[in-house]
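Worksheet: the structure to be examined is printed underneath.
Coordinate-derived values only; no laboratory data. Because the structure is predicted, anything quoted here is derived from the model rather than measured. Because the Cβ atoms are built from the backbone with ideal geometry, glycine has one as well, and the counts that use them run over all protein chains shown.
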Amino acid sequence: MDMDAFYASVEQLDNPELRGKPVAVGGTSDRGVVSAASYEARKFGVRSAMSSVIAIQNCPDLIFVKSNFKRYHEVSNQIRKIFYEFTDKVEPLSLDEAYLDVTENKKGNPSATLIAKEIRKKIKEKTGLNASAGISINKFIAKVASDMNKPNGQKTVAPQEVIQFLEKLEIKKFFGVGKVTAQKMYRLGIFTGKDLKEKTKKYLEQHFGKSGKFYYQVVRGEHFSEVKPSRTRKSLAAERTFSKNISSEIFMITKLEIIAKEVEKRLKKSKVAGKTITLKIKYSDFTLQTRSKTLPYYISDKNVIVETVKELLYQETMKNSVRLLGISLSNLNTKEGKPVLKNEIAVQLKLAF
């Protein structure tokens, strides 16, 4: 199940004057980024993660609204309750998207297609929002299918249709194939699922590493990941994008101390600690660099985090001014702790710092 243009749709729902107009959730500054775009805005090429400057160039009449995550969480919880009316096997991917295993469901309905229709109808009645759905034999195909008839639609890929569906599918529509990977596949003569299927497992592993095995399997309809209602968190992080680039390490340390405090707060809230500290640096030319260090003990104290991050910062000279800094803790002691719900956000973005 996947909500349609969720953040933007909630804003249009709450503000009738925005309905039917191109809306973007995000910031309007030079460093602003589009978090979500309404379908009216998408017609002009406005997409999530796009620079606000480029978005306005594409759509001069674009209306920007500030994000309201408290409200989005509220609506998401309403939607989640509807899911649980049908099955307890719900694996949230985000506030607006989730996998549902309805093989055995609370309604005793043998048709996943009809269940999806009923869920979408209830979501519309309860929230006033539209949802789309993909129905198939595994998570990968269901995910791909959920995008086929958006907005406010659904697509069922029956067992006997799976291979034909995947062979005809454009490679860029395969879940997990981003722009960079798609371009690489094009250079290798892979444009459709059929082209991908013709490549051997060894060939794909040579060109795509561990992902090669994944591509080899999914194009054959093989994806064995179960719908998991909860998971164990592997990392926890916080990062900041700055309104102006920073070129001095002294100023960077000041910002990193604030980020470390936020990481400490979230660690204590989740009751976890970690051994591996990673410093994330995005330069003004958008190149990304990470530096990590693993300690011999678990830590959650910001002072220890800061001292380790300082060491990582001075590990080598800055090659350019910096637009973003982030700190993450991994190698967590979650095996000794409690599972973390899938929809908990592991990275909190703070813009225009």
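For a quick protection proxy, order the peptides 260-269, 293-302 by their average other-Cβ count within 10 Å, most packed first.
260-269, 293-302
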FRET efficiency for ASN77 and GLU167, using Cβ-Cβ distance with R0 set to 45 Å, rounded to 0.05: 0.70
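Can you tell me the relative contact order of region 143-280? Whole percent, Cα pairs under 8 Å, sequence separation 6 or more.
On the way: 86 pairs, mean separation 20.7, N = 138.
Normalised by residue count, the contact order of region 143-280 is 15 percent.
Around ASP285, under 12 Å between beta carbons, what's the net of Lys plus Arg minus Asp minus Glu among the other residues?
Details: positive: LYS282, LYS319, ARG323; negative: none.
With Lys, Arg at +1 and Asp, Glu at -1, the net is +3.
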THR317-LYS271 pseudo-label distance in nm [points 7 Å out on the Cα-to-Cβ vector]: 4.9 nm
Euclidean distance of C-alpha centroids, region 272-307 and region 118-184, integer Å: 36 Å
Choice from GLN78, GLN217, GLN315 showing the highest fluctuation, given a GNM over the chain with Cα pairs closer than 10 Å: GLN315
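First measure r as the distance between the Cβ atoms of LYS43 and TYR186, then evaluate 1/(1 + (r/R0)^6) with R0 = 22 Å and state the FRET efficiency to the nearest 0.05. Present the calculation step by step, with values, prior to reporting the outcome.
Details: r = 26 Å, r/R0 = 1.17.
For LYS43 and TYR186, the calculated efficiency is 0.30.
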Local net charge near ASN15, Cβ-Cβ under 13 Å (Lys/Arg +1, Asp/Glu -1): +1
Spacing of the two label points (7 Å from each Cα toward its C-beta) at VAL53 and LEU93, in nm: 3.2 nm
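Extension gain THR294-LYS126, at 0.36 nm per residue separation less the Cα-Cα distance, in nm? Intermediate values should be presented prior to the final figure.
Values: separation 168, 0.36 × 168 = 60.48 nm, distance 4.77 nm.
Contour length minus Cα-Cα distance gives 55.7 nm.
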